[in-house]
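In what follows, a structure is listed as structure tokens, so that the remarks can point back to it.
The values are calculated or read from the model by the stated rules, or taken from the named source; none is laboratory data. These figures come from a predicted structure and were not determined experimentally. Counting neighbours? That spans all protein chains shown, and the Cβs are built from the backbone with ideal geometry, glycine included. These area figures cover heavy atoms from the full protein model, side chains too; ligands, DNA and RNA do not enter into them. Shrake-Rupley method; radii C 1.70, N 1.55, O 1.52, S 1.80 Å.
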Amino acid sequence: MVFNLGKRRVLNESQLKEMVMPGQGQFFGRVIKLVGGDNIVVKCTDGKVRTCRIRGKIKRRMWIRDNDLVLVAPWDFQSDKADIIWRYISAHAEKIKQDGHLAGLDE
């Protein structure tokens with residue numbers, strides 16, 4: 001008898017087929033530094049460097065590393081902080097870069 005005790009499986013990048021594009025008030029960002037405690041320093045396409053928090057929904061699903069491309073949503077009441085909504089796989093990051101959406105990030 002096999003019991004599934006509810007431990008979540010980390011998804012493989014090949015299983016993540018969908019590509020999320022930024023909506024109203026959302027920006028692309030490049031991870032600069034992992035600070036710890038779910039906090040990450042991200043440079044956004046609007047030129048600001050923000051301290052971001054990993055949203056709970058993706059916290060256990062995706063591992064975020066240095067230099068990853070992420071989608072951030074700045075907080076309404078504190079614009080120097082934001083939530084990380086999505087992490088792009090390398091294939092999607094290359095496509096976004098080729099489309100010219102990362103103008104302010106890659107020098």
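Selection of the stretch 46-101 for residues being of a type in the set (Ser, Thr, Tyr) and crowded, with 17+ Cβ neighbours inside 10 Å yields only TYR88. Among the residues making up the stretch 59-107, those that are modelled with pLDDT under 85 and within 16 Å of VAL35 (Cβ to Cβ) are LYS59, TRP63. Note on the stretch 73-107: residues that are over 18 Å from GLY23 (Cα atoms) and among the hydroxyl-bearing types (Ser, Thr, Tyr) amount to 1. Being modelled with pLDDT of 55 or more and open to solvent by 60 Å² or more (accessible area, probe 1.4 Å) is the filter; apply it to the stretch 1-26 and report the residue that is farthest from ASP68 (Cα to Cα). Ranking the candidates gives GLN24 first. Once the stretch 75-107 is narrowed to residues that are in a strand (DSSP E or B) and among the hydrophobic types (A, V, I, L, M, F, W, C), the residue that is nearest to THR51 (Cα to Cα) is ALA82.
Quick check on my filter: what residues within the stretch 29-61 are closer than 12 Å to LEU105 by Cβ and in a strand (DSSP E or B)? GLY29, ARG30, VAL31, ILE32, VAL42, LYS43, CYS44, VAL49 - these are the residues of the stretch 29-61 that are closer than 12 Å to LEU105 by Cβ and in a strand (DSSP E or B).
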